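What follows is calculated from the coordinates using simple rules that are stated; it is not laboratory data. Please read these numbers as outputs of a predicted model, since none were measured by experiment. Using ideal geometry, Cβ is built from the backbone for each residue, glycine included, and neighbour counts are taken over all protein chains shown.
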Amino acid sequence: MKESRKTISGVNAGSMADIAFLLLIFFLVTTTFPEDQGIESLMPRPCPEEEDCTAELHEKNIYTIKLNRNNELMANNELINVDELREDIKAFVDNNGDETCTYCHGEKDLKLSDNPKKAVIAIHTDREAMYDNYIEIQNELVGAYYELREELCKMKFNKNVDQLTEEEILILQESYPFRITEADLN
């Protein structure tokens, strides 16, 4: 017998939904999502019992950095460029104004900090400031402290930073403590 030309052959699509569902499950299970990158920061440690952490800070021991909505940078109420920030911070922290720091190389300027353990960096940013500028400030700040600690490392231990023991790293961190406070300008 002759076959009818009206017969349409088709593909059985009954299991297509099952295959699509299995593929969806496969991709959900095997896909990895990268972790968000951000600024690594540690919360401050609680105040040790033997120290008085309620003492007021003298104005000269606070280095104020302000980033406004126009992305203008002010340090201690003077308009500066980001390139100048690292050296200014190093001079402020390493000043040795009260002459109690035996490892400081500062100029003993009476307008700058008493010593590295009393120096505080206060960062005030406007909410409308660009995030890239804020990151640049953070990089300069970390770079200034790294350079101060590196100089002390060479002077005190006669080693490179990457050769230090945990105990020596703690000594450097205590010598130049990273004391920062942050706030919004708004």
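Residue by residue, here is whether (1) among the small types (Gly, Ala, Ser); (2) surrounded by 15 or more Cβ atoms within 10 Å (Cβ to Cβ) holds:
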residue	(1), (2)
Lys117	no, yes
Ala122	yes, yes
Tyr131	no, no
Tyr145	no, yes
Ala183	yes, no
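Spot the failing condition for Asp114; the list is (1) outside any helix (DSSP H, G or I); (2) among the acidic types (Asp, Glu); (3) closer than 16 Å to Ile65 by Cα, and only one is missed.
Tallying (1) outside any helix (DSSP H, G or I); (2) among the acidic types (Asp, Glu); (3) closer than 16 Å to Ile65 by Cα, Asp114 fails exactly one: (3).
Which residue pairs have Cβ atoms under 6 Å apart, sit 6 or more places apart or on different chains, and have a first residue in the stretch 143-169 that is more than 22 Å from Val82 (Cβ to Cβ) and a second that is among the aromatic types (Phe, Trp, Tyr) and outside any helix (DSSP H, G or I)?
Close Cβ pairs satisfying both conditions: Leu152/Tyr103; Glu168/Phe157.
Just to check your reading of the model, which residue among Glu168, Glu128, Glu136, Glu140 is of a type outside the set (Gly, Ala, Ser) and either part of a loop (DSSP other than H, G, I, E, B) or closer than 19 Å to Leu57 by Cβ (or both)? First the steps, then the outcome.
On the way: Glu168 fails: either part of a loop (DSSP other than H, G, I, E, B) or closer than 19 Å to Leu57 by Cβ (or both); Glu136 fails: either part of a loop (DSSP other than H, G, I, E, B) or closer than 19 Å to Leu57 by Cβ (or both); Glu140 fails: either part of a loop (DSSP other than H, G, I, E, B) or closer than 19 Å to Leu57 by Cβ (or both).
After ruling out the rest, the residue left standing is Glu128.
Has the stretch 94-109 got at least one residue that is surrounded by fewer than 22 Cβ atoms within 10 Å (Cβ to Cβ), basic (Lys, Arg), assigned to a loop (DSSP other than H, G, I, E, B) and in contact (Cβ under 8 Å) with a residue 24 or more places away in the chain?
No, that holds for no residue.
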